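Coordinate-derived values only; no laboratory data. Nothing here was measured: the structure is a model prediction, and the numbers come from that model. All Cβ positions, glycine included, derive from the backbone under ideal geometry; neighbour counts span all protein chains shown.
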Ligand SMILES: [Zn+2]
């Protein structure tokens, strides 16, 4: 079974090119090189006018939250607010639909054969592989744990609803960073993966980065459209 693990390397830069062990994919994110996914410009022939794509609305729904103290829970709830605000914005829609991969194509890496607009539609439909009967909802089962010597900031796999989040990283994260991580992991819940830690143009990574970047601006007081 596939297991995706989101790990963070900013404290472990020298081990950034780490291993893929059996069934585990460790992903490294370098906070010194914040990834801001690029989009196709309006003058490009590949540009797709967002209004030609229907958008439904998503509601973030906390299903089962475990291991959080009052302060951590407050941060998690802030992250949920940020996440819901970002994913329902016109900018998010445009950035997903007109996302361009590292080959300058309007396409995500590891896209399961889906176009950008199909990935957007799948995302906004809210039907997780394990929760297919709850359209319109981002269902979150989150468990906080603490592993001091781990590089993993959060992990999940295809067999479980739970997204496990390491407090070691969570405690220093801004709500926008938590939201980005939750978006990344939730994209896995829809069945999208990535081949490696370096596949920054995969759907989980790219969408996570979009949420994090937009979320940061939102937290600074910018109104998202
Ligand atoms: Zn992942």
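With a Förster radius of 25 Å applied to the C-beta separation of residue 36 and residue 90, the computed FRET efficiency comes to 0.90.
Here residue 195 and residue 70 are evaluated by their C-beta separation; at R0 = 45 Å the FRET efficiency comes out at 0.70. For residue 134 and residue 112, the FRET efficiency from 1/(1 + (r/R0)^6), where r spans their Cβ atoms and R0 equals 25 Å, is about 0.75. Modelled label positions at residue 219 and residue 174, each set 7 Å beyond Cα in the direction of Cβ, lie 0.5 nm from each other. Principal axis extents of the Cα atoms in the stretch 3-219, from largest to smallest and rounded to whole angstrom, are 49, 36, 33. If a spin label sat at a point 7 angstrom from the Cα of residue 61 along the line to its beta carbon, the backbone N atoms of the stretch 124-147 nearer than 12 Å would be those of 126-128, 131-141. In plain terms, the chain from residue 45 to residue 105 could stretch by 20.5 nm, reckoned as 0.36 nm per residue minus the Cα-Cα distance.
Volume per residue of the convex hull around the Cα atoms, evaluated for the stretch 42-160, comes out as 145 Å³. P(r) for the stretch 94-224, from all Cα pairs and a bin width of 5 Å, is 2, 11, 18, 22, 22, 15, 8, 2, 0 %, short bins first.
Listed by Cβ neighbour count within 10 Å, with the fewest neighbours leading, 171, 95 appear as 171, 95.
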